[in-house]
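Below: one structure, written as C-alpha cells.
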Amino acid sequence: MTVELNLLSDIAVVPLRDMVVFPHGVQPLFVGTTRSIAALEYAMAGDKQVFLVSKRDPETEQPKENDLYEVGTVSTLLQLLKLPDGTIKVLVEGGSRAAIRRFNDEGEFLVASVEVIEASELAESEREATNRLLMTEFGRYVKATKQVTQDVVASVASIDDPGRLIDTIAAQLKLSIEDKQSILEADDVQVRREKLFSLLDSEIDVQQLEKNIRGRVKTQMEKSQREYYLNEQMKAIQKELG
C-alpha cells in the first residue's frame, strides 16, 4: 500500500455484513468468505491495514463497488486467529474514516484506493458543553435500554475529544446500518453531533413507548386473569348450590 497525501492506494477491502466499524473502537470480527480471508491474510503479512466497509445488502455474497457504501474505516489488524471450521477471527482497531476513490474486484480479493476524510474540530468553547450533553443523553439511553454495562459507560465517560466520543457512543447503540452509516459518513463533527442526539432521542422514545405498551398489556392480562378466576369461582359456587 502506498500513501499520497490523504490517498491510500491498494488497500485490501473487507466487506462487512450488518455492522459498521467506527474509528477508535476495538472489536472482533468473524470472517468466512474466501476473498475476505485472502484480504486479511494479505494485510496481516504486510502493514496490517485493511479497509472495512459495510455492504448495502447483507445478503450480497460477492459484492461489487456499487454493493458497498462509499465510506468505511481504515483499520489495523491487531490479531488474527484461524478457527477449526475454516473461518477467521480477527481483532481490529478502527483508525480513520475514508471514502473509496478507485476500486478493483478482479483479483484474489477486493482492493481499493481510498481517501482519508479529515474530520472538523469543535471550537474550544463547545467541547466541554458537547461532552456533557452527550454523556447526559447517553446516560438516559443506558437507563432506558439497559443494554450497556457500567464498565462501558465508565470507559466512554473518560473520553474528552467530542469527535471520538460521538464515534464511541454511536458504536454502542442498537441502530440500523443506515443510521450508523449516516454518522460515519458525516465529516463535520457538528453534523455528527446533531445526528447522534436525534438518534439517541428516538431510541429513548421508542424504549419508553415499548415500556408503556408492556405495562398496558400486563395490566390487561392481570385484569383478564382476575376476571377468569372470579368466573371460575362463580361457576363453582353455582354448582355447589345446584
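At a 10 angstrom cut-off on C-beta neighbours, averaged per residue, how do the peptides 110-118, 52-60 rank from highest to lowest? Can you show the working numbers first?
Values: 110-118: 19.4, 52-60: 16.1.
In descending order of packing, they fall as 110-118, 52-60.
Would you mind working out the accessible area per residue for the stretch 116-242, using a 1.4 Å probe, and quoting it in Å²?
Working: 8370 Å² over 127 residues.
It amounts to 66 Å² per residue over the stretch 116-242.
Using the charge dipole of the stretch 179-241 (Lys, Arg: +1 at Cβ; Asp, Glu: -1 at Cβ; taken about the Cα centre), state which of L230, L196, G215 has its Cα farthest towards the positive end.
L230
Rounded to the nearest 500 deg cm²/dmol, what is the calculated helix-only ellipticity per residue at 222 nm for the chain, with -39500 (n - 2.57) per DSSP H run of length n ≥ 4? Don't skip to the end; give the middle numbers.
Numbers: 6 runs with 114 residues, N = 242.
Calculated mean residue ellipticity at 222 nm is -16000 deg cm²/dmol.
Using θ = phi - 60° and the Karplus form 6.51 cos²θ - 1.76 cosθ + 1.60, what ³J(HN,Hα) does each residue of the stretch 67-76 get, whole Hz, x for Gly and Pro?
Result, rounded to whole Hz: 8, 10, 5, 6, 9, x, 10, 6, 10, 10.
Please give the FRET efficiency for E106 paired with L83, using the beta carbon to beta carbon distance and R0 = 25 Å, rounded to the nearest 0.05. It would help to have the intermediate numbers written out before the result.
Details: r = 28 Å, r/R0 = 1.14.
Calculated value: 0.30.
How much net charge surrounds Q181 when only other residues with a Cβ under 15 Å from its Cβ are counted (Lys, Arg +1; Asp, Glu -1)?
Summing Lys and Arg as +1 and Asp and Glu as -1 gives -1.
Per 10 Å bin from zero, what fraction in whole % of the C-alpha pairs of the chain is there, up to the bin with the longest pair?
7, 26, 27, 18, 9, 5, 5, 3, 1, 0
Placing +1 at every Lys and Arg Cβ and -1 at every Asp and Glu Cβ, with all other atoms neutral, what dipole size does the stretch 1-159 have around its Cα centre, in debye to the nearest 20? List each step's numbers first, then the result.
Details: 16 positive and 24 negative charges, 120 e Å.
Rounded to the nearest 20 debye, it is 580 debye.
Give me the Kirkwood hydrodynamic radius of the stretch 133-193 in Å, from all C-alpha pairs, to one decimal place?
Details: mean 1/r = 0.0832 Å⁻¹.
Value: 12.0 Å, from the Cα pair sum.
Taking amide H atoms as placed 1.01 Å from N in the peptide plane, list the residues 5 or more away in sequence, or in a different chain, whose amide H sits under 5 Å from that of V92.
Result for V92 returns Q27, L29, L78.
With 15 Å as the cut-off, how large is the P(r) tail for the stretch 87-126, expressed as percent of Cα-Cα pairs?
Details: 520 of 780 pairs.
When all Cα pairs of the stretch 87-126 are counted, 67 percent exceed 15 Å.
Based on Cα positions only, what radius of gyration and what Dmax would you give for the stretch 30-130, in angstroms?
Over the stretch 30-130's Cα set, Rg and Dmax evaluate to 15.9, 53 Å.
Please report the spacing between the Cα centers of the stretch 73-117 and the stretch 203-217 in Å, no decimals.
Measuring centre to centre over Cα atoms gives 39 Å.
Rg/Rh for the stretch 162-242: what does it come to with C-alpha atoms and Rh from Kirkwood?
Details: Rg = 24.7 Å, Rh = 16.5 Å.
For the stretch 162-242, the value is 1.50.
For the pairs K89/K180; K48/K89; K64/K89, note any where the Cα-Cα span goes beyond 18 Å. Show your work: numbers first, answer last.
Working: K89/K180 23 Å; K48/K89 14 Å; K64/K89 24 Å.
Among K89/K180; K48/K89; K64/K89, the Cα-Cα distance tops 18 Å for K89/K180; K64/K89.
Quick one: give the max-minus-min coordinate of the C-alpha atoms of the stretch 102-209 along each principal axis, largest first, in Å.
Projected onto its principal axes, the Cα set of the stretch 102-209 covers 48, 35, 24 Å.
Please state the relative contact order of the chain as a whole percent: Cα pairs under 8 Å, 6+ residues apart?
Working: 362 pairs, mean separation 46.2, N = 242.
Rounded, it is 19 percent for the chain.
Hey, if you put +1 on the Cβ of every Lys and Arg and -1 on every Asp and Glu Cβ in the chain, which of T60, A112, L175 ends up farthest toward the positive end of that dipole?
Among T60, A112, L175, the one farthest towards the positive end of the dipole of the chain is L175.
Heavy atoms only, probe 1.4 Å: what % of the accessible area of the chain goes to carbon and sulfur, would you let me know?
Numbers: 7040 of 14120 Å².
Answer for the chain is 50 percent, counting heavy atoms of protein chains only.
The values are calculated or read from the model by the stated rules, or taken from the named source; none is laboratory data. Quick caveat, the model's predicted, so the values are computed rather than measured. Ideal geometry is used to build each Cβ from the backbone, glycine not excepted, and the neighbour counts take in all protein chains shown. The accessibility values were calculated without ligands, DNA or RNA, using every heavy atom of the protein model including side chains. Shrake-Rupley method; radii C 1.70, N 1.55, O 1.52, S 1.80 Å.
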